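Working notes, beginning with the structure itself.
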Amino acid sequence: MFLRATTRKKDGKLHRYWSVVENRRVKGARVVQRHVLYLGEINDAQHAAWCKSLEVLEEDTSRKRQMAIFPEDREAPELSCAVVRVKLEGMRLERPRQWGACWLGLELWGWLELDEFWSSRLVRSRKGTEWLDVLKTLTMYRLIDPGSEWRLHRQWYERSAMGDLLAADVSVAQPDTLYRCLDKLLAHKQALFTHLKGRWETLFGARFEVLLYDLTSTYFECDVPEAGLRRFGYSRDKRSDCVQVVIALIVTPQGFPLAYEVMAGNTADCTTLEAFVEKIQVQYGRAERIWVMDRGIPTEAVLEKLRATDPPVRYLVGTPKGRLTALEQAFLAQPWAQVRDRVQVKLLEAQGELYVLAQSEQRVDKERAMRRRALKRLLHRLAELRAQKLKRDALLMKLGAAKKEAGRAYALVDIELPPKHQRARTESFNFKLNRAKLRVVRRREGRYLLRTNLTAHDPGTLWTFYIQLTEVEQAFKELKNDLAIRPIYHQKDSRIEAHIFVAFLAYCLQVTLKAKLRPLAGGLTPRAVLEKFAAVQMLDVHLPTTDERELILTRHTEPDAQLRLLLAHMRLALPAQPPPKIRVPQRDSARARLPV
């Protein structure tokens, strides 16, 4: 790398601008130059009137003064301020660190006015610890490059520009400081929910009349504890070998999270709804909200209680297909109504509820293709097993593996096993497709049954409400993949909940960015934007001076054309570069302290 100067004549004056440039060899023995860092104008004009002085911070006295910077090979004119001559050939680039994504994350933090919320709740400690800076560091780490608190301390903080952006030293990333900050958060969870709801209403006009409710689980790779939240249960992560906790989440159809709860890992889904409805009504009042959830969450007893409240809690819930069998004859007499392109519904009122049978042609195609693939693999595997010479016990084990892989398609095949006490091999094992079951499955593919006490609503609107449950699934996907909420390594229940709390806070920043991008570029994901911003690095440019000191210019790299366009559309402006610093190099200081 080397310095390259470019000159430009502007308003009759000649200016010289400096950049750091790197040579790269390409095909054909050619050499191309890549712009690494723009340094700006180091003022070396020929007349004093053209000189531009810089405000430089002297580290030994922590005061600012005006200095004029000149390269060593240029004569300095008579000036009223101090003149510093730099040795350009001795320039060094040090401490490259990620700056852009950290800066964007703090901008999102500012949009949600989280400084105003936390400043009175996380006050500075008597030892001078800025707990608000520690929380910002934890949240940006979870948003940008998630991992353990130990990794944050050992690697990420030094490789990021959080210290520069917060004007904080490495003390905010000490392990004990991070853990102690986690211990201070949970008391403010409900107040944070209320604050975020108000900000999203102000920023994006968010509405909270329709609430999407669902549950997921996240696991721990640890020894089985004797007590606490960590328990074995139904694992959505396919990790039944690990203890877990259950997370219940409420989001709006636009994806804004309203509240969440952490429960023991063995909590049954059907036991959670009633208590959560009561919490929301206590915190936000008994407004007429519509609760949308999937089958398996409410029981008949819970739905009966929801209908009996004053006013009744309005709900829309998916119904197991087994209930469709009981209502099939009643639905046959009802006509299909077109509510969307390739979507039809039938309505049936029964016992104060409205049942909606929806049929989507796109979902028919999808489910039919999935069933065909599974059935084709199963039949091929069964033919392979029949051709093998296996004893009965070995055959049963292999059939169990095939059943697990085939899923529901396994029920469509009738299998005749060898007699139990006969030493028969697989030649006496037969199978055939059950065409009667297949016809029933084909008739129900792409159909799903909904039930609701919203008898006055348009069926198309009800269908739209239900398919928006994908927003909850997307929230869980982002929490687990983008924000790496799993696996959890904390041992104490309070730390487990605090870890999920920080992940929720980072998710709120991500949702805010998604809502900001939606009208600008609907196909651009928050993760892709963070990666684009992460390309903006910060580094220190060290320029030795002729008087044995060092001029340090801390500079972030210039954004590329795509990022400049994105900044313009998001109406964001990068901050000014930090002021230069001048200091005596440490090696010289150490030499000066040696005894003579």
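The values are calculated or read from the model by the stated rules, or taken from the named source; none is laboratory data. Being a predicted model, the structure only gives us computed values, none of them experimental. Note that we place each Cβ from the backbone using ideal geometry, even for glycine, and neighbour counts take in every protein chain shown. Side chains included, ligands, DNA and RNA excluded: accessible areas come from the protein's heavy atoms. Shrake-Rupley method; radii C 1.70, N 1.55, O 1.52, S 1.80 Å.
The residue list L316, V302, T271 was ranked by how far each Cα lies along the charge dipole of the stretch 270-350 toward its positive end, using unit charges on Cβ atoms, and L316 comes out on top. Potential lengthening of the chain between A568 and H188 amounts to 133.2 nm, from the contour at 0.36 nm per residue minus the alpha-carbon distance.
Over 23 Å between C-alpha atoms is what I'm after, so list which of K532/K581; K9/K581; K376/K480; K189/K279; K136/K197; K184/K532 land there. Don't skip to the answer; put the middle values down first.
Values: K532/K581 29 Å; K9/K581 29 Å; K376/K480 33 Å; K189/K279 13 Å; K136/K197 20 Å; K184/K532 33 Å.
In this structure, K532/K581; K9/K581; K376/K480; K184/K532 exceed 23 Å between Cα atoms.
Karplus-based coupling profile of the stretch 261-278, in residue order and whole Hz: 9, 10, 10, 4, x, 9, 5, 7, 4, 6, 9, 9, 5, 4, 5, 5, 4, 5, with θ = phi - 60° in 6.51 cos²θ - 1.76 cosθ + 1.60 and x standing for Gly or Pro. The 3J(HN,Hα) values that the Karplus relation (6.51, -1.76, 1.60; θ = phi - 60°) gives for the stretch 394-410 are, in residue order, 5, 4, 5, 5, 5, 5, x, 5, 5, 5, 5, 6, 7, x, 5, 5, 5 Hz. Gly and Pro appear as x. Pick out, in residue order, every one of the trypsin sites (Lys or Arg not before Pro) in the stretch 339-405 that is DSSP loop and has at most 13 other C-beta atoms within 10 Å; say none if there are none. Those that pass, being in a loop and sparsely packed, are R342, K389, K391. Projecting label points 7 angstrom from Cα along Cα→Cβ for D237 and A264 puts them 2.0 nm apart. Taking amide H positions as modeled 1.01 Å from N, with prolines and chain starts lacking one, the residues under 5 Å from S160 and 5 or more places away or on another chain are Q98.
Farthest toward the positive end of the dipole of the chain, out of S19, Q334, T202, is the Cα of Q334, where the dipole comes from beta carbon charges about the Cα centre.
Taking amide H atoms as placed 1.01 Å from N in the peptide plane, the amide H of Y315 lies under 5 Å from those of W291, N453, L454, each 5 or more residues away in sequence or on another chain.
Kindly state, to the nearest 0.05, the FRET efficiency for E558 paired with K581, given R0 = 25 Å and r defined as their beta-carbon distance. Walk me through the numbers on the way to the answer.
Details: r = 21 Å, r/R0 = 0.83.
Once rounded, the FRET efficiency stands at 0.75.
For the stretch 509-578, the Kirkwood estimate of hydrodynamic radius, built from reciprocal distances between every pair of different alpha carbons, is 14.3 Å.
Kirkwood Rh over alpha-carbon pairs of the chain, then Stokes-Einstein at 25 °C and 0.890 mPa s: what D in µm² s⁻¹, rounded to an integer?
Values: Rh = 29.7 Å.
D = 83 µm²/s.
Could you work out the relative contact order of the chain, using alpha carbon pairs under 8 angstrom and six or more residues apart, expressed as a whole percent? Before the final figure, lay out the partial values.
On the way: 923 pairs, mean separation 104.8, N = 596.
Value for the chain: 18 percent.
Give, rounded to the nearest 20 debye, the magnitude of the charge dipole that the stretch 283-427 has about its Cα centre when Lys and Arg contribute +1 at Cβ and Asp and Glu contribute -1 at Cβ.
On the way: 31 positive and 18 negative charges, 224 e Å.
Rounded to the nearest 20 debye, it is 1080 debye.
Ignoring any ligand, DNA or RNA, what whole percent of the accessible area of the chain comes from carbon and sulfur when the probe is 1.4 angstrom? For the chain, the apolar C and S fraction of the accessible surface comes to 50 percent.
Which value, in debye to the nearest 20, describes the size of the charge dipole of the chain about its Cα centre when Lys and Arg Cβ atoms bear +1, Asp and Glu Cβ atoms bear -1, and nothing else is charged?
With Lys and Arg at +1 and Asp and Glu at -1, about 3000 debye.
Under the combined filter of DSSP loop state and at most 12 neighbouring Cβ atoms within 10 Å, the stretch 305-339 retains these chymotrypsin sites (Phe, Trp or Tyr not before Pro): W336. The equivalent ellipsoid that matches the C-alpha gyration tensor of the stretch 79-156 spans semi-axes of 33, 20, 15 angstrom, in descending order. Here's the picture: a label point sits 7 Å out from the Cα of A401 along the beta-carbon direction, and within the stretch 357-393 the residues with their amide nitrogen under 17 Å of it are 377-393.
What whole-number value in Å² describes the accessible area per residue of the chain for a 1.4 Å probe? List each step's numbers first, then the result.
Details: 31020 Å² over 596 residues.
Accessible surface, normalised per residue, equals 52 Å².
Over the stretch 164-237, the ratio between the Cα radius of gyration and 2.2 N^0.38 Å evaluates to 1.65. Of the residues Q190, P575, I250, the one whose Cα sits farthest towards the positive end of the charge dipole of the chain is I250 (charges of +1 on Lys and Arg Cβ, -1 on Asp and Glu Cβ, taken about the Cα centre).
Annotation: amide H-H contacts under 5 Å for T554 (H modelled 1.01 Å from N, sequence separation of 5 or more, or interchain): V541, K581. Rounded to the nearest 20 debye, the dipole magnitude of the stretch 441-584 is 700 debye, with +1 charges on Lys and Arg beta carbons, -1 on Asp and Glu beta carbons, and the Cα centre as origin.
Couplings for the stretch 549-556, taken from phi via the Karplus curve 6.51 cos²θ - 1.76 cosθ + 1.60 with θ = phi - 60°, read 10, 9, 9, 10, 10, 8, 9, 9 Hz in order; Gly and Pro are left as x.
Loop-only trypsin sites (Lys or Arg not before Pro) in the stretch 434-542, please: DSSP not H, G, I, E or B, and at most 16 other Cβ atoms within 10 Å. Don't jump to the answer; show the numbers that get you there.
Numbers: sites: R435, K437, R439, R442, R443, R444, R447, R451, K477, K480, K492, R495, K514, K516, R527, K532; in loops: K492.
Of the trypsin sites (Lys or Arg not before Pro), the ones in loops of the stretch 434-542 whose Cβ has at most 16 other Cβ atoms within 10 Å are K492.
Between helix 189-204 and the chain there is an angle of about 80 degrees, using the helix long axis and the longest principal axis of the Cα atoms. When Rg and Dmax are taken over the Cα atoms of the stretch 454-580, they come to 22.2, 85 Å.
Based solely on its DSSP helices, what 222 nm [θ] is calculated for the chain when runs of n ≥ 4 H residues each add -39,500 (n - 2.57) and the sum is averaged over all residues, nearest 500 deg cm²/dmol?
After summing the helix terms and dividing by residue count, I get -11000 deg cm²/dmol.
How about K404: which aspartates and glutamates have a C-alpha closer than 20 Å to its C-alpha, ignoring those fewer than 8 places off in the same chain? K404 reaches D237, D241, E367, E384, D393, D414, E416. Principal-axis analysis of the Cα atoms of the chain puts helix 470-480 at an angle of about 50° to the longest axis.
For K391, which aspartates and glutamates qualify as cross-link partners when the Cα separation must be under 12 Å and same-chain residues fewer than eight apart are set aside? Partners within reach: E427. Taking the chain as the reference, fit the longest principal axis to its C-alpha atoms, fit the long axis of helix 321-332 to the helix C-alpha atoms, and give the angle between the two in degrees, 0 to 90, nearest 10. Rounded to the nearest ten degrees, it is 60.
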